[in-house]
1. Hey, can you tell me all the residues within the range 268-301 that are exposed (fewer than 13 other Cβ atoms within 10 Å of the Cβ) and more than 21 Å from the chain's Cα centre (by Cα)?
2. Under 9 Å between Cβ atoms, which residue pairs at least 6 apart in sequence (or on different chains) link something in the range 303-319 that is modelled with pLDDT of 95 or more with a partner that is of a type in the set (Lys, Arg) and part of a loop (DSSP other than H, G, I, E, B)?
3. Going residue by residue through the range 33-41, is there one that turns out to be of a type in the set (A, V, I, L, M, F, W, C) and either closer than 27 Å to residue 191 by Cβ or surrounded by fewer than 18 Cβ atoms within 10 Å (Cβ to Cβ) (or both)?
4. Any idea which of 87, 57 is without any contact (Cβ under 8 Å) to a residue 40 or more places away in the chain, of a type outside the set (Ser, Thr, Tyr) and assigned by TED's automatic domain parsing to the domain that holds residue 170?
5. Only one of 207, 219 is modelled with pLDDT under 95 and touching a strand residue (DSSP E or B) at 6+ places or on another chain (Cβ under 9 Å); which?
6. Being in contact with a helix residue (DSSP H, G or I) (Cβ under 7 Å, 6 or more places away or on another chain), at pLDDT 95 or above and either among the acidic types (Asp, Glu) or surrounded by fewer than 18 Cβ atoms within 10 Å (Cβ to Cβ) (or both) is the requirement here; does residue 248 meet it?
Amino acid sequence: MMHSLSLPTPFPVGAVNVYLFEGDELTLVDTGSQTSRTLESLRQQLATRGFQIRDIRRVIVTHTHLDHCGLTAQIVAESGARVFTHRNNVEWLTQFPQRWQADEPFLDHIATQNGVPGGLRETLSGYVTTLARYCAAVPIYGVLEDGDQMTLDGALWQVMHTPGHSGGLVCLYQPEQQCLLSSDHLLKKISSNPFVELSVNGTHKRRHSLVEYIASLRRVAELPVQRILPGHGEPVTDDHRALIARRIQSHHNRADQIAHALASGSQTAYQLIRVIFPNLSPANTLLAFSEVLGHLDLLEEQGRVRQQAHGELAYYRLN
């Protein structure tokens, strides 16, 4: 039997859905953030189903955003559970918070290059630093690759690597049940933000997250799916292909909006943020920064814009 547990988080996105599989090895897919409130909620919801944290034998981490993986170390400390995740997540989880701290100079460089003013960069850096308290390092037992299979409550689930929202995000697909655990790859009511991230291939370059995300969406659209269980919000039980088509179209519409803003002349990504998303809080500016850079990547791939350097700043202009 599979159970959906809704755990509170301290983040604007609200509660996160994690999934508990009974069977020979009690398995938890994602864990919630490292807060006492999340931990207590998990204890209570396990108890109503006759379990304790110490009964969990396996944890599958779908990706390394703090609302999905933060509580993993606490669960492992109490249960000895084995942790499985995609290889792109391993260093981040095993070397947290060192990897988290190492990403800060990269993010500051990207922000500087794209015109974010110094005061706002300091605010964003402080915000990112405070987030580190919501996770802790944890050892990884098994690495998941695209196409791997895992037995969950007697059924074989296929691992699908779907980079975009995060470079290491995996979905789990059960073909007989036509059920997809989509994590944050596909949500019913909101579009997932493909975050600014450092590439995992050692080049120290920024991933083209939105380009990857659209490719992953198209791959999921090819699956026969009757039910999608997401990382946030309600299950998706209607036409997932139509939902994906709407998501992709919304990204193309946003790209068109950014291209229209560039018709008046070349601009930095931060200047475009101020046009497309005025009056944002620092936390939402970080999300908007990811979104605008992602759509600029998409426009570059389409050959509609190009990037030019002026000193240390990157400007975008129409071709």
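1. Once the filter is applied, which keeps residues that are exposed (fewer than 13 other Cβ atoms within 10 Å of the Cβ) and more than 21 Å from the chain's Cα centre (by Cα), the range 268-301 yields 278, 279.
2. Between residues of the range 303-319 that are modelled with pLDDT of 95 or more and residues that are of a type in the set (Lys, Arg) and part of a loop (DSSP other than H, G, I, E, B), the close pairs are 318/304.
3. So the first thing to find is which residues in the range 33-41 are of a type in the set (A, V, I, L, M, F, W, C), and the list is 39.
The next check asks that each one be either closer than 27 Å to residue 191 by Cβ or surrounded by fewer than 18 Cβ atoms within 10 Å (Cβ to Cβ) (or both); those that pass are none.
No, the range 33-41 contains no residue that is of a type in the set (A, V, I, L, M, F, W, C) and either closer than 27 Å to residue 191 by Cβ or surrounded by fewer than 18 Cβ atoms within 10 Å (Cβ to Cβ) (or both).
4. On the way: 87 fails: without any contact (Cβ under 8 Å) to a residue 40 or more places away in the chain.
Sole residue among the options that is without any contact (Cβ under 8 Å) to a residue 40 or more places away in the chain, of a type outside the set (Ser, Thr, Tyr) and assigned by TED's automatic domain parsing to the domain that holds residue 170: 57.
5. Just one listed residue meets the conditions, 207.
6. When the stated conditions are applied, residue 248 passes them.
Residues checked against (1) crowded, with 17+ Cβ neighbours inside 10 Å; (2) of a type outside the set (A, V, I, L, M):
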position: 86; (1), (2): yes, yes
position: 89; (1), (2): yes, yes
position: 96; (1), (2): yes, yes
position: 110; (1), (2): yes, no
position: 114; (1), (2): yes, yes
position: 122; (1), (2): no, yes
position: 129; (1), (2): no, yes
position: 138; (1), (2): yes, no
position: 151; (1), (2): no, yes
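The values are calculated or read from the model by the stated rules, or taken from the named source; none is laboratory data. In this text the structure is predicted, and so the values were computed from the model without any measurement. Please note: Cβ atoms are built from the backbone with ideal geometry, for glycine as well, and neighbour counts cover all protein chains shown.
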